[in-house]
1. Taking segment 116-148 on its own, how many of its residues are among the small types (Gly, Ala, Ser) and closer than 23 Å to Leu82 by Cα?
2. Regarding Leu115, is this residue touching a strand residue (DSSP E or B) at 6+ places or on another chain (Cβ under 9 Å), surrounded by 14 or more Cβ atoms within 10 Å (Cβ to Cβ) and at pLDDT 95 or above?
3. Does Leu34 count as in contact (Cβ under 8 Å) with a residue 60 or more places away in the chain and of a type outside the set (D, E, K, R)?
4. Listed residues Leu174, Leu193; which is surrounded by 18 or more Cβ atoms within 10 Å (Cβ to Cβ) and of a type outside the set (D, E, K, R)?
5. Taking the condition of being touching a residue at least 24 places away in the same chain (Cβ under 8 Å) and within 30 Å of Arg102 (Cα to Cα), how many residues in segment 44-60 meet it?
6. Taking the condition of being crowded, with 16+ Cβ neighbours inside 10 Å and not small (Gly, Ala, Ser), how many residues in segment 84-112 meet it?
7. Taking segment 34-67 as the region of interest, how many residues are in contact with a Pro (Cβ under 7 Å, 6 or more places away or on another chain) and either within 25 Å of Asp112 (Cα to Cα) or at pLDDT 95 or above (or both)?
8. Just a yes or no: is a residue in segment 10-18 in contact with a Lys or Arg (Cβ under 9 Å, 6 or more places away or on another chain), modelled with pLDDT of 95 or more and outside any loop (DSSP other than H, G, I, E, B)?
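The values are calculated or read from the model by the stated rules, or taken from the named source; none is laboratory data. Not measured: the values here are computed from a predicted model. Because the Cβ atoms are built from the backbone with ideal geometry, glycine has one as well, and the counts that use them run over all protein chains shown.
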Amino acid sequence: MLRIGLTGGIASGKSTASARFRALGARVIDHDELARRAVEPGSAALVDIVSEFGDRVLDGGALDRAALAQIVFADDHARARLNAIVHPYVIAMGAAADRQARREGAKVVVHDIPLLVESGQGQDFDLVVTVAAPEDVRVRRMVDARGMAASDAAARIASQATDPEREAVADAVLDGSGRVADLDAQVDAFWALHVPA
């Protein structure tokens, strides 16, 4: 089984690349989805988050993501504390999904991990692929598609690893700045090179 770690900064085109890998036949394990499941009401991670940040991050027993985001994107130390809580749960869930994929005979498994570098998983895969795009393109995408203020978009980008930090652990760097078709073609070329027919 070929295990690929896929990463990229927010609004870089990583989700587009992930979708293309899935279309080509890869089993995709979405670590953002795992992170959402990890903090569901009643979860140990949510208990730990409330213990660390207080009831102000709850809304009717569920995680108030907007309230938590206001805290952690304004405070590097708070964000590090949150990551220290959530990352171990998500990594364990990803490992379980990986074992299940192996048992089910998956040939290629792509772990879609936005914070691959930040969570120290760069060496955990056979190959690492990062998707890169200039910051101005990424800010424009977040403003246009997500309705974010440009300052909030820039803060999100600044909170993540830099493109050079991601590229330092990557076996391949894909350009996510252009059209979807262009990025799809790059994924196709990577697949043809690394995945046995």
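1. Number of matching residues: 3.
2. Against the criterion (touching a strand residue (DSSP E or B) at 6+ places or on another chain (Cβ under 9 Å), surrounded by 14 or more Cβ atoms within 10 Å (Cβ to Cβ) and at pLDDT 95 or above), Leu115 does not qualify.
3. yes
4. Answer to the selection: Leu174.
5. 2
6. Number of matching residues: 13.
7. Qualifying residue count for the region: 1.
8. Scanning segment 10-18 turns up no residue that is in contact with a Lys or Arg (Cβ under 9 Å, 6 or more places away or on another chain), modelled with pLDDT of 95 or more and outside any loop (DSSP other than H, G, I, E, B).
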